[in-house]
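Below: the structure, in C-alpha cells.
Each reported figure results from applying straightforward, stated rules to the coordinates on display, with no laboratory input. On a predicted model such as this, the values are computed, not experimentally measured, just so you know. Heads up, the Cβs are rebuilt from the backbone with ideal geometry, glycines too, and the neighbour counts pull from every protein chain shown.
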Amino acid sequence: MEDIGRIVQDIHDKIHADADWGIPAQYISELAGVASDQFAISVVTADGRCWSAGRSRQPFSIQSISKVFALIATLGRIGEQLWTRVGREPTRTAFDSIMLLESDGGRPPNPFVNAGAIVTTDALLSGREPSQALAEILGLIREMAETDEIYINDRVAESERRTGERNKAIAHYLASHGNLSNEPDLTLGTYFHQCAIEMTTEQLAMSGRALAGLDGVPRTISALHAKRANALMLTCGHYDASGEFAFQVGLPGKSGVGGGILLIAPRTASIAIWSPGLNGYGNSHAGTRAAAMLAKATGWSVF
Ligand code: GLN
C-alpha cells in the first residue's frame, strides 16, 4: 500500500507538468474566478490510511457531488417511492438539459442531472423547512466523513441563485407537470445551498468509505443505498460523458462543476480528486485524466 503514496504523487506531478487545466464554471460567478492551475487527490484505502498529494486541505465547492448525499438522505427518508418521480437511466444530454422533461412528461431521467436532483431535493424538503433538509444532508456528510468541519458557502449559493436561470426554468417546468411538491423557489434555494457545500479532498475521500463498503467504517448508510448510489454513479455520474468515464476509468464516479470527483473502488478504496478547470461536459478536465491515471496505475476496476 506504500505504493499508493508514490502513485498519487506521480499523478500530481504529471498533471502539473502537463498544465492542461480546462476552464472553471463560468455560470456561477463565485466559481468563475477560481485559479484553474490547482490540483488535489486523496485516497483512503481499506486499512484506513489516507494518501494525498497537492492541495488536499483546500476546501472546494462540491456542487453536483452533493447529489449523491442528497439521494442517500432522500432514499433514507421516503425509500423507493422516489422512483415514481425520477428515473434511473443515463442520458446523452447535458447536466442542465430540459429536453427530456418534455418527452417524458416531467419525470427526470435520473437523480444526477439537475432536473432529477431538484426533484430529489424537493422530496427531501417536503413537510419541513429548507434549514432542516440542509441539516440532514450536511449531517449525513459529516457523519460519513467523521468530521464536523464541513460547511455551506452562502456566497456561492447566493451567486448561483442570482444567475441560475436554467435551473429556475427546470424547476418551474417540473412544477407545471406537478412534479414539485414545494414552491419552486424554496426547492431551488435548498438545492443551491446543498450544491454550495465545501469539502477538501481528504474529507470527501473519507466520506466515500461507506459507499466503498470498506471494513471497519461506521455503518452510516445501508448496503442497498450504497449499491443504488454506486450504480447511478457509474451510469450517470458524469452526465453525457458517463460512458467514456466508465470506459477510461472503470469505477463509479460523481463529478461536480466545482471541479471535484468522488471515485469509488468497491471494497478497496475511496478517492477524491479536485481541479477546478472543466471540460466541455462540465466535468473536471485534469481530474478526469487523473482518475484514469489512478485506475491504470492501481489496476482498480469494477470490471
Ligand atoms: N449547482 C450546479 C447547477 O445546478 C451543479 C451542477 C454540477 O455540478 N454539474 O448547475
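Non-local lysine pairs in the chain, meaning eight or more places apart or on different chains, with alpha-carbon distances under 22 Å, amount to 6.
Place a label point 7 angstrom from the Cα of residue 10 along the Cα-to-Cβ direction, then list the residues of the range 266-303 whose backbone nitrogen is under 16 Å away. The answer is 290-300. Extension gain, residue 296 to residue 224: 0.36 nm times the residue separation minus the Cα-Cα distance gives 23.1 nm. Taking the chain as a Gaussian network of alpha-carbon nodes connected by springs under 10 Å, the highest mean-square fluctuation of the residues 197, 264, 78 belongs to 78.
In sequence order, the range 270-286 has phi-based couplings of 10, 10, 10, 10, 9, 7, x, x, 10, 8, x, 8, x, 9, 4, 6, 6 Hz under the Karplus curve 6.51 cos²θ - 1.76 cosθ + 1.60, θ = phi - 60°, and Gly or Pro positions carry x. Taking amide H positions as modeled 1.01 Å from N, with prolines and chain starts lacking one, the residues under 5 Å from residue 23 and 5 or more places away or on another chain are 278.
In the range 158-219, Cα pairs under 8 Å separated by at least six residues give a relative contact order of 27 percent.
Relative contact order of the chain, taken over Cα pairs closer than 8 Å and 6 or more residues apart, is 28 percent.
Placing a pseudo-label 7 Å from each Cα along the Cα-to-Cβ vector at residue 126 and residue 34 gives an inter-label distance of 3.3 nm. Applying 1/(1 + (r/R0)^6) with R0 = 25 Å to the Cβ-Cβ distance of residue 181 and residue 143 gives a FRET efficiency near 0.40. The mean sequence separation of alpha-carbon pairs under 8 Å and at least six residues apart, normalised by the residue count of the range 71-226, gives a relative contact order of 26 percent. Pick from 218, 266, 90: which residue has the top mean-square fluctuation in a GNM of the chain where Cα pairs under 10 Å get a spring? Highest fluctuation of the listed residues: 218. Placing a label point 7 Å from the Cα of residue 155 along the Cα-to-Cβ direction, no residue of the range 263-290 has a backbone N closer than 16 Å. Which residue fluctuates most in the GNM of the chain (Cα springs below 10 Å): 288, 201, 268? Looking only at 288, 201, 268, the largest GNM fluctuation is found for 268.
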